[in-house]
Amino acid sequence: MVNNINSLRLQNTQLALRTLRVGNATDEDTSRTSRASSLLTGGSSGSSRANSKLSVLLEGLSRNNGTTKAAVQPATPKVVNDVTSTDFMKALTAKLKASVNDPVNGKQAQAMLTAIKNGTLSVSDPTKGVTTHAWNPDDKTSKAGKTEKIAQTNWNDFLKDHLKRGDGGSGLTRTSDGSYIDKPSGQYAFFGNLNGKYYYVTWPAEVTASGKPASA
């Protein structure tokens, strides 16, 4: 099982690197990936299924250049165009809850849910130039986060600036649960697709007994 998980994470890193080498991409790229879920697959799906879905997502992003119009397909999931909306937050929370018991992504999903509860999970969409703190619309004690403006750019440039690389810049830095590292903040990070919408989230890094981030 450990070897399978390590193999999956290595493949995912390679796919993400391929994404960073291509041209600009926007949300219209979801024409080929609207049926692909994020790495946080629901239920207890196996590593091969998770890898397949992530491959579709990243391959679709790398093949397009932002000029292709989204194709109209029947029976596709509802596209949530605004990461600051209640609909997006409901969909994100539901996806994370469905992934908690996944053998590959469960730990990461739980960390994100905890961050939502604590008000420390940030969701960003650079193509819209916005970021906000995630909240759980189904929790009466959870309040909508304040939306802030960020530099508006395309996904390719944003990921190049935000995903930390290892020594020599040959590979993306990953944590024990498969999360990326946000270079500007040092927090854990994840880039994915939810019902046809790309998004980037960050949350506080784990702290070791010495008081330093586990990713340090």
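The values are calculated or read from the model by the stated rules, or taken from the named source; none is laboratory data. All values derive from a computational prediction rather than experimental measurement. Every residue, glycine as well, gets a Cβ built from its backbone with ideal geometry; the counts of neighbours run over all protein chains shown. The area values use the complete protein model at the heavy-atom level, side chains included, leaving out ligands, DNA and RNA. Shrake-Rupley method; radii C 1.70, N 1.55, O 1.52, S 1.80 Å.
Counting only other residues whose beta carbon sits under 13 Å from that of W203, what net charge do I get with K and R as +1, D and E as -1? Mind showing how you got there, number by number?
Details: positive: K107, K117; negative: D177, D182, E206.
Net charge in that neighbourhood comes out at -1.
Using a 1.4 angstrom probe on heavy atoms only, work out the carbon and sulfur share of the accessible area of the range 74-159 in %. Show your work: numbers first, answer last.
Values: 2190 of 4380 Å².
That share works out to 50 percent.
Taking every C-alpha pair closer than 8 Å and separated by at least 6 residues, the mean separation divided by the residue count of the range 99-216 gives a relative contact order of 20 percent.
The mean of 1/r over all distinct Cα pairs in the range 99-216, once inverted, gives the Kirkwood hydrodynamic radius of 15.1 Å.
Karplus-derived 3J(HN,Hα) values for the range 175-189, using 6.51 cos²θ - 1.76 cosθ + 1.60 with θ = phi - 60°, are 8, 5, 9, x, 6, 7, 10, 6, 4, x, 9, x, 7, 6, 9 Hz; glycine and proline are entered as x.
With a 1.4 Å probe and all protein chains left in place, how much accessible area per residue does the range 156-210 have, in Å²? Please list the in-between numbers first.
On the way: 2170 Å² over 55 residues.
Roughly 39 Å² per residue, with all protein chains present.
A simple spin-label model places pseudo-atoms 7 Å from Cα toward Cβ; at D139 and N154 they are separated by 3.7 nm.
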